[in-house]
Amino acid sequence: MSNIFIARGMMLTLETSRLILRPWQDRDRAPFAAINADAEVRRYYYPSLLTAAETDKLIDQANERLMRDGIGFLAVERKADGALIGGAGLSRPGPEVPGSFLLEIGWILGQPIGGRAMPRKPAIIVSISPGSNWVPNA
């Protein structure tokens, strides 16, 4: 696993033997829109399904948060073929989230392609990475 440091104004990348977690790129928009339009993948998310325009807004906001806060949701790319398989990362929960949590670990992964499932690995990468004990200023 590569080192990570979290700092405002820097884009970070995490890498394992099979995955790359990185800032979102324009090439991620169509595949992530397909993931967000999959009813099975989004079954437990609110809102349930997202349009391509809503997905674009989500990607733009994620990159803005990465630059502003030093944390956020990253694109999850499979190293073997460069395919976008989802997103994962840390965020500060908004007022719509019950409780008083400083950080949320979240992920969304598309359905397995060719039998290559990687459930929960992106969240584990984020949660055990150096710097994951970082606490934002309140």
Q) What net charge do the residues around Gln25 carry, taking every other residue with its C-beta under 13 Å from that of Gln25, with Lys and Arg at +1 and Asp and Glu at -1? A) -2
Q: Residues in region 10-52, backbone N under 18 Å from the label point at Lys79 (7 Å along the Cα-to-beta-carbon vector): list them, ranges by number please.
A: 12-23
Q. Which value results for Rg/Rh of region 14-116 when Rg is the Cα radius of gyration and Rh the Kirkwood radius based on the inverse mean 1/r?
A. 0.95
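Give me the net charge for the shell around Asn36: Cβ to Cβ below 13 angstrom, other residues only, Lys and Arg +1, Asp and Glu -1.
-1
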Q. Points 7 angstrom from Cα along the Cβ direction at Glu96 and Asp26: gap in nanometres?
A. 2.9 nm
**Q.** Protection proxy ranking of 33-39, 46-52 - average other beta-carbon atoms within 10 Å, highest first
**A.** 33-39, 46-52
Q. What is the distance in Å between the Cα centres of region 91-107 and region 19-78?
A. 17 Å
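Which whole-number value in Å³ per residue fits the convex hull of the alpha carbons of region 47-97?
Spread over its residues, the Cα hull of region 47-97 gives 107 Å³ apiece.
Each reported figure results from applying straightforward, stated rules to the coordinates on display, with no laboratory input. Quick caveat, the model's predicted, so the values are computed rather than measured. Here the Cβ is made from the backbone with ideal geometry for all residues, glycine too, and neighbour counts use every protein chain on show.
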